[in-house]
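The block underneath contains the structure these notes are about, expressed in structure tokens.
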Amino acid sequence: MDFTGKHIAVLGAGKSGETAAILLSQLGAQITLLDSADSDALRAKIAGLGIEPIQLLAGPGAETDPAQYDLGVLSPGIDPITPIVKNFLSKGIDLVGELELAYQLCKCPVIAITGTNGKTTTTELVARMFNACGVRTIAAGNIGTAFTGVVQASDQLDLITLEVSSFQLETIRTFHPKVTAWLNLTPDHLDRYNSVEEYREAKLRIFENQTPEDFAVVNLRDTLPALKAKPITFSAYQAWGDFQLHDQTIYFRGTPVLSMEETFLRGPHNAENLMAAMGIGFAWGLEFEQMKPPLCSYRPLPHRCELIRSIEGVEYVNDSKATNLDALEKALDAETRPVVLIAGGKDKGFEFESVTDLVARKAHCVVLIGEMADSIFTSWGGKVQCEKASSLAHAVELARGNARPGDVVLFSPGTSSFDMFKSYADRGNQFRTLIESI
């Protein structure tokens, strides 16, 4: 693809948009970044890139920009129904997603991993496993480094390992992973999608361009349509998958391949992440004995059931990455000790009623924060002691006051953080700081 001299608009000046703009500028295009936000910080960030051809159009003017472009690139964080996108489409300009753009420039095969929960852990496991086995790869995509940020190194790699979100998959055309992994699907992002089914349809596009020569590593828990790729199935809860879990040991087609006790990962959900990683390795042709050492040495990333410290017999665990109910449910399921739970945050369009019985069984006290505190109180208050906090610091104070020796204070919000924090990482870091300061 030759972009020399092309005038290209990139919609959205977030991380993906920024890396797409840099890549296209390096390939000779003239770039205009459009973003409806209008702030000095945004302008300073773009100016700091130090690349003259990149122009910025920010604020309300970006939503009514009359200019014509040869191509538009859509960042995944920009909802297609927003005015900035509608204005662009009304001019009949071809619009491609950042993921699709990078794929069309990629010179090596890709592996794509999706799911409501566990994507980042599994992507990290796969990248570590492949590199330790002599297969050159980079983890990219929704994991933090955009696909457009690494694609120019693809001619020096054996494959690229991608974490992909439903937002990224909405705009694919030719995107064709040699191996896909479907980890799970639970209600999420209902502030963007009209229904769980619409969210599911977006995620299912990961299989769209696969052929019978490809592999799909899939969770038996979810009912999927017929797949063209060869399936490899897994489940920590069902007894008929290719990968199964029995007495803390993972089996592949009846043969034990990995003991959970040899790893730093805990809980059935992490067993499934390991199964998916090994399924991808098997599809690529690796041996299980090759895969074991890097998988066993992997330590969980921050904000994922991360033990911060123990104070007076109470453990404080940071699970800020729990941005939906399924993640909260898995964090509670993994606990064997009495729990004081801190939960709540942004209203993403789903209710907390479905986990009431589990919360009542695992937690003897709940501290609620954020804009959903009142509605969660209504759902849970009849079955478990609930208190509402005005801030995260207040929540920690209340949780500490209710915790007894032998308890765990579990910070697992069950929803996203944008009502009070910049991100789940900001939320988790603030929790860590509060606990470390006690």
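Values for this structure:
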{"read-out": "Residue match in the stretch 393-416 (condition: outside any helix (DSSP H, G or I), farther than 20 Å from G267 by Cβ and touching a Pro at 6+ places or on another chain (Cβ under 6 Å))", "value": "no"}
{"read-out": "The listed residue being in contact with a strand residue (DSSP E or B) (Cβ under 9 Å, 6 or more places away or on another chain) and part of a loop (DSSP other than H, G, I, E, B), out of A67, A102, A62, A20", "value": "A67"}
{"read-out": "Residue list for the stretch 366-383, filter: in contact with a strand residue (DSSP E or B) (Cβ under 8 Å, 6 or more places away or on another chain) and surrounded by 17 or more Cβ atoms within 10 Å (Cβ to Cβ)", "value": "V366, V367, L368, I369, A373, I376, F377, W380"}
{"read-out": "Contacts under 8 angstrom Cβ, first residue in the stretch 185-209 being under 20 Å from A322 (Cβ atoms) and among the polar types (S, T, N, Q), partner surrounded by 15 or more Cβ atoms within 10 Å (Cβ to Cβ) and modelled with pLDDT under 95, 6 or more apart", "value": "T186/T116; T186/N117; T186/N324; T186/L325; T186/D326"}
{"read-out": "Residues of the stretch 157-202 satisfying the condition of being in a loop (DSSP other than H, G, I, E, B), closer than 19 Å to L224 by Cα and β-branched (V, I, T)", "value": "V164, T186"}
{"read-out": "Candidate set from the stretch 89-100 (those that are in contact with a Phe, Trp or Tyr (Cβ under 8 Å, 6 or more places away or on another chain) and crowded, with 24+ Cβ neighbours inside 10 Å); member that is farthest from P60 (Cα to Cα)", "value": "L99"}
{"read-out": "Checklist (1) assigned to a helix (DSSP H, G or I); (2) more than 27 Å from V196 (Cα to Cα); (3) of a type in the set (D, E) applied to E387, failing item", "value": "(1)"}
{"read-out": "Selected residue (only one of L71, L99 is more than 20 Å from P177 (Cα to Cα) and modelled with pLDDT of 95 or more)", "value": "L71"}
{"read-out": "Among residues of the stretch 312-341, those that are under 22 Å from H189 (Cβ atoms) and of a type in the set (F, W, Y), counted", "value": "0"}
{"read-out": "Some residue of the stretch 149-156 being surrounded by fewer than 21 Cβ atoms within 10 Å (Cβ to Cβ), assigned to a loop (DSSP other than H, G, I, E, B), assigned by TED's automatic domain parsing to the domain that holds N209 and at pLDDT 95 or above", "value": "no"}
{"read-out": "Verdict on S412 being farther than 24 Å from S195 by Cβ, of a type in the set (S, T, Y) and in contact (Cβ under 8 Å) with a residue 40 or more places away in the chain", "value": "yes"}
{"read-out": "Any hit, the stretch 124-142, residues being crowded, with 23+ Cβ neighbours inside 10 Å, polar (S, T, N, Q) and not in a loop (DSSP other than H, G, I, E, B)", "value": "no"}
{"read-out": "Extreme residue, modelled with the highest pLDDT, among residues of the stretch 1-53 that are of a type in the set (D, E, K, R) and either under 18 Å from G72 (Cβ atoms) or surrounded by 13 or more Cβ atoms within 10 Å (Cβ to Cβ) (or both)", "value": "K6"}
{"read-out": "The stretch 283-336, residues that are part of a strand (DSSP E or B) and within 30 Å of R136 (Cα to Cα)", "value": "E306"}
{"read-out": "Total residues in the stretch 158-183, condition surrounded by 20 or more Cβ atoms within 10 Å (Cβ to Cβ) and farther than 22 Å from P80 by Cα", "value": "10"}
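The values are calculated or read from the model by the stated rules, or taken from the named source; none is laboratory data. No experiment lies behind these values; they were computed from the predicted model shown. Here the Cβ is made from the backbone with ideal geometry for all residues, glycine too, and neighbour counts use every protein chain on show.
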